[in-house]
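This report refers to the structure that appears directly beneath it.
The values are calculated or read from the model by the stated rules, or taken from the named source; none is laboratory data. Just so we're clear, the structure is a prediction, and the values are computed from it rather than from any experiment. Cβ sites come from the backbone with ideal geometry, for glycine too, and all protein chains shown count toward neighbours.
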Ligand SMILES: Cc1ncc(COP(=O)(O)O)c(C=O)c1O
């Protein structure tokens, strides 16, 4: 074996030893783990509409959007989406990952400071890394800590010659919690930084008509002062794609410099048609959202009443904290065997092992009750196994 393959083998062995080995597996069982929060990926009206498009649209977009890959439906979707979230302009890209990664690489540079919540998504962290900017982590949701870092940077660079950018998710995908946006905007006012907010997990689920957490927490005028908002079509829309909402000149700038946009094939044409249709559907689903939040509330209560430890979640994402990678894998495997699709999430995705339970509109109280009963049963099995191994030592 060559040195390279020996190195890969050693790396994999070390991953396995730490119980962190991952495999791609086809799903089975009741969905408690996807991001298809409104069930749009298999919504009958979406499916019916999809059938009508098949003769009209080619499979691939055949080139990047700046060459031959741009379709009217992409322009129309951008217009409708920007108007939906009250932004000046929107840019559709192939995924949410590309949106964050490409955006941050385009607006940051080695002489910038980028302040990032410690738990921000990999696409944000990788964008900062590739831009070469100075990365400053602040503790999760800790805006006092962010303020102290901004003050320190002011001492280093009192004339604020070097750009400062702050990036946060609006709903943290692995913890289910959110920053205080009123305080964040006060800091923006005081320190004059560029603000990027990622609404990936909130669009479709929060705010009137599903406009997102910003619309739940802030008046529209304040939202307009946010420089960039990032959305994905891969979650509540049940599709695939990323959207950056910004000023018209912000969009022009990205179209001209964003490498992952310029040098990559455009999204499938049919996606923008489905996204326009899906947007109208999603807006009309306030009742579905109310039911989803009620389901989440009851599941949280039930988990707490049964003695489980969950994060400080305020949302439909309910992470159940466990003590070790091994324990998380045991729960995940047993839940799969019972027919409940909940996945163990381990480092480096998160700092500590957990089961990430995410709820969607297709679930019922009966489903969540079955989940809690299964978890209670599995906890007993795990404890019995632990006691047996201690007794045999
Ligand atoms: C907060 C956040 N932003 C962006 C992304 C990437 O979006 P996409 O899956 O569309 O690439 C994710 C994906 O999980 C995410 O959790």
TODO: For segment 323-336, state whether one or more residues are farther than 30 Å from residue 70 by Cα and not in a helix (DSSP H, G or I).
DONE: yes
TODO: Out of 100, 43, 35, report the one residue that is surrounded by 14 or more Cβ atoms within 10 Å (Cβ to Cβ), under 30 Å from residue 340 (Cβ atoms) and within 16 Å of the ligand (Cβ to nearest atom).
DONE: 35
Open item on the list: Let me spell it out: the conditions are (1) within 25 Å of residue 213 (Cα to Cα); (2) in contact with a helix residue (DSSP H, G or I) (Cβ under 9 Å, 6 or more places away or on another chain); (3) within 16 Å of the ligand (Cβ to nearest atom), and residue 119 meets all of them except one. Which number is the exception?
Closed with: (2)
Task: When residues of segment 267-322 are limited to those that are assigned to a loop (DSSP other than H, G, I, E, B) and either within 21 Å of the chain's Cα centre (by Cα) or at pLDDT below 95 (or both), the one surrounded by the fewest Cβ atoms within 10 Å (Cβ to Cβ) - done: 312
TODO: Could you check how many residues of segment 337-353 are in a strand (DSSP E or B) and at pLDDT below 95?
DONE: 3
- [ ] Report the residue count in segment 47-94 for those that are surrounded by 19 or more Cβ atoms within 10 Å (Cβ to Cβ) and assigned to a loop (DSSP other than H, G, I, E, B).
- [x] 6
- [ ] Considering only residues that are more than 9 Å from the ligand (Cβ to nearest atom) and assigned to a loop (DSSP other than H, G, I, E, B), look in segment 226-238 and name the one that is surrounded by the most Cβ atoms within 10 Å (Cβ to Cβ).
- [x] 236
Open item on the list: Scan segment 166-182 and tell me whether some residue there is assigned to a helix (DSSP H, G or I), within 24 Å of residue 244 (Cβ to Cβ) and either more than 16 Å from the ligand (Cβ to nearest atom) or modelled with pLDDT of 95 or more (or both).
Closed with: yes
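Name the residues in segment 183-209 that are part of a loop (DSSP other than H, G, I, E, B), more than 16 Å from the ligand (Cβ to nearest atom) and in contact (Cβ under 8 Å) with a residue 12 or more places away in the chain, would you? So that I can check it myself, show each step before the final result.
First, the residues of segment 183-209 that are part of a loop (DSSP other than H, G, I, E, B): 192-193, 199-207.
Cutting the leftovers down to more than 16 Å from the ligand (Cβ to nearest atom) gives us 192-193, 207.
Of everything in segment 183-209, those that are part of a loop (DSSP other than H, G, I, E, B), more than 16 Å from the ligand (Cβ to nearest atom) and in contact (Cβ under 8 Å) with a residue 12 or more places away in the chain turn out to be 192, 193.
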Open item on the list: I'd like the full set of residues that are surrounded by fewer than 22 Cβ atoms within 10 Å (Cβ to Cβ), in contact with a strand residue (DSSP E or B) (Cβ under 6 Å, 6 or more places away or on another chain) and within 13 Å of residue 191 (Cβ to Cβ), limited to segment 139-161.
Closed with: 149, 153
Task: residue 176 being closer than 19 Å to residue 317 by Cβ and in contact (Cβ under 8 Å) with a residue 60 or more places away in the chain - done: yes
